[in-house]
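A quick write-up on the structure given underneath.
Values in this text are rule-based calculations from the coordinates and carry no lab data. The structure presented is a predicted model; accordingly, all values stated were derived computationally and were not measured. Here Cβ is always computed from backbone atoms with ideal geometry, including for glycine, and neighbour counts include all displayed protein chains.
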Amino acid sequence: MSVVTPPGTGESESHGVPIAVASQALHVPMPTLRSWELRYGIPESDRPPGKHRRYTEPEMHALRLMRDEIARGTRASVAAKSVRTLLGVAGPAGELIQHLLEASNRLDTDGIRAQLTKATDVLGLDGCIDEVMLPAMRQIGQWWMAGRCDLSQEQLTTEAARAWLDKRSAFAPTPTAMNPIILACGPGDLHTIGLEALALLLRHRGWPCRVLGARVPTESLTTASVAAGAAGVVIVAHLPTGRRRALASITAVHERGIPVFWAGNAFSTRRSRAQIPGSYLGVRLQDAADLVVATLSRDGHR
């Protein structure tokens, strides 16, 4: 099953664009595009031998996802598996993503929340977040950047997912740990849904959490962390322009002797992660939650 076609894709695009045009649009060399198709099957193709390669819009979308996964530091083979799962080519999450995106296209907030609940029933909470909710949100973000859906659809879907997370958090198990984990975006970052999802996973692992939200200044973060007696602090930064200020927050928390964890696209390359105090959380939230819990438990913060 392939993922639902973005709004606005029509017959006029069915013949696709040449590989040279695709390479220029994606800022990916042509040999790399050929390698992705030959070695990893991204995108899947039934092109007869000898025919010139032309990429349709759905195939271009698959290539954008592959490019973005690799830009986050993911190995090509792992990135290809992630893209196939997202597109519904493989894995049980494909149909769930499909239905969630269809609900988004209908602007059906109840339908979006219902699909997230169903995904939790099928895949568990961790699987719902990592394999359905966040991939679907990334896909809608791609649609919006490509002009395939409007801002109102992106915002409505985000708010529906956030409401679902809030309801799940309200019924999370009673914490077994005493001191809270503080979660905040860097001073230049606005996107909080991943942070809220991580807080939910941590609550289900027995930790109280306080989400400070978007654009949290360094001084406000350190003051709140010290006042709360925080067991640990998570800082997320996605925008490269916000990396320097996020790094200042990470350093300030570390200097106060509080375990600090960090993640986001601003740290997607090995070079961008060099010589930063604390722990990098990677890209999968269930792995991030496990790392935070293991580190704090090992250090006696339980």
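Remarks
- Hey, TRP143 hydrophobic (A, V, I, L, M, F, W, C), within 29 Å of LYS81 (Cα to Cα), touching a Cys at 6+ places or on another chain (Cβ under 6 Å) and part of a helix (DSSP H, G or I) or not: yes
- Residue count, the stretch 253-283 (criterion: closer than 23 Å to SER225 by Cα and surrounded by 19 or more Cβ atoms within 10 Å (Cβ to Cβ)): 12
- Filter pass, ARG205 being among the basic types (Lys, Arg) and part of a loop (DSSP other than H, G, I, E, B): yes
- Residues within the stretch 275-302 that are part of a loop (DSSP other than H, G, I, E, B) and more than 22 Å from the chain's Cα centre (by Cα), tallied: 6
- Enumeration of residues in the stretch 221-236 that are outside any helix (DSSP H, G or I) and touching a helix residue (DSSP H, G or I) at 6+ places or on another chain (Cβ under 6 Å): ALA231, GLY232, VAL233, ILE235, VAL236
- Every residue from the stretch 178-210 that is free of Cβ contacts under 8 Å to residues at least 60 places away in the same chain, among the β-branched types (Val, Ile, Thr) and either under 11 Å from ALA231 (Cβ atoms) or buried (at least 18 other Cβ atoms within 10 Å of the Cβ) (or both): ILE182, THR192
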